[in-house]
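Asker: Right, I'll just put the structure down here and ask away after.
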Amino acid sequence: MEFQNLKHLLLELYDYLNWFNKHRIHGSLGYMTPVQYRQTALKKVV
C-alpha cells in the first residue's frame with residue numbers, strides 16, 4: 001500500500017491496531033478479542 005503522506009500512514013496504522021486489538025477474535029483466547037480476554041482475566045483477579 002502506498003501512503004500519500006505521514007498523516008495518512010498514521011491513520012491507517014491506527015485503524016489496523018484498533019481492528020487487531022478490539023475486533024479480531026482469536027481461537028486461543030476462547031474466541032474473544034484481546035481486549036475482551038484481558039477484561040475477563042482482570043475480573044477474575046479482583
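Asker: Enumerate the amide H contacts of M32 below 5 Å, restricted to partners 5 or more residues apart or on another chain; note that Pro and chain-start residues carry no placed amide H.
Answerer: Placed amide hydrogens put H26 under 5 Å from M32.
Asker: Quick one: Debye curve from the C-alpha atoms of segment 6-45, no solvent, what's log10 I(q)/I(0) at q = 0.24, 0.36 Å⁻¹?
Answerer: Values, matching the q order: -0.74, -1.06.
Asker: Where in segment 17-36 does the amide nitrogen come within less than 20 Å of the point 7 Å from the Cα of L42, taken along Cα to Cβ?
Answerer: Those under the cut-off are 17-26, 29-36.
Asker: Got a sec to turn the phi values of segment 14-31 into Karplus ³J(HN,Hα) couplings, 6.51 cos²θ - 1.76 cosθ + 1.60 with θ = phi - 60°, whole Hz, x for Gly and Pro?
Answerer: 4, 4, 5, 5, 4, 4, 4, 8, 10, 10, 7, 9, 9, x, 6, 9, x, 6
Asker: Let me ask something else about it. Counting other Cβ atoms within 10 Å of each Cβ, which trypsin sites (Lys or Arg not before Pro) in the chain have at most 16 and sit in a DSSP loop? Present the calculation step by step, with values, prior to reporting the outcome.
Answerer: On the way: sites: K7, K22, R24, R38, K43, K44; in loops: R24.
The qualifying sites are R24.
Asker: Here's another thing I want to ask about it. Which order results if V45, V35 are arranged by neighbouring Cβ count within 10 Å, fewest first? Display every interim value, and only then the final one.
Answerer: On the way: V45 5, V35 11.
With the fewest neighbours first, V45, V35 line up as V45, V35.
Values in this text are rule-based calculations from the coordinates and carry no lab data. Remember, predicted model here, so these are calculated numbers, not experimental data. As a convention, Cβ positions derive from the backbone with ideal geometry for all residues, glycine included, and neighbour counts pool all protein chains shown.
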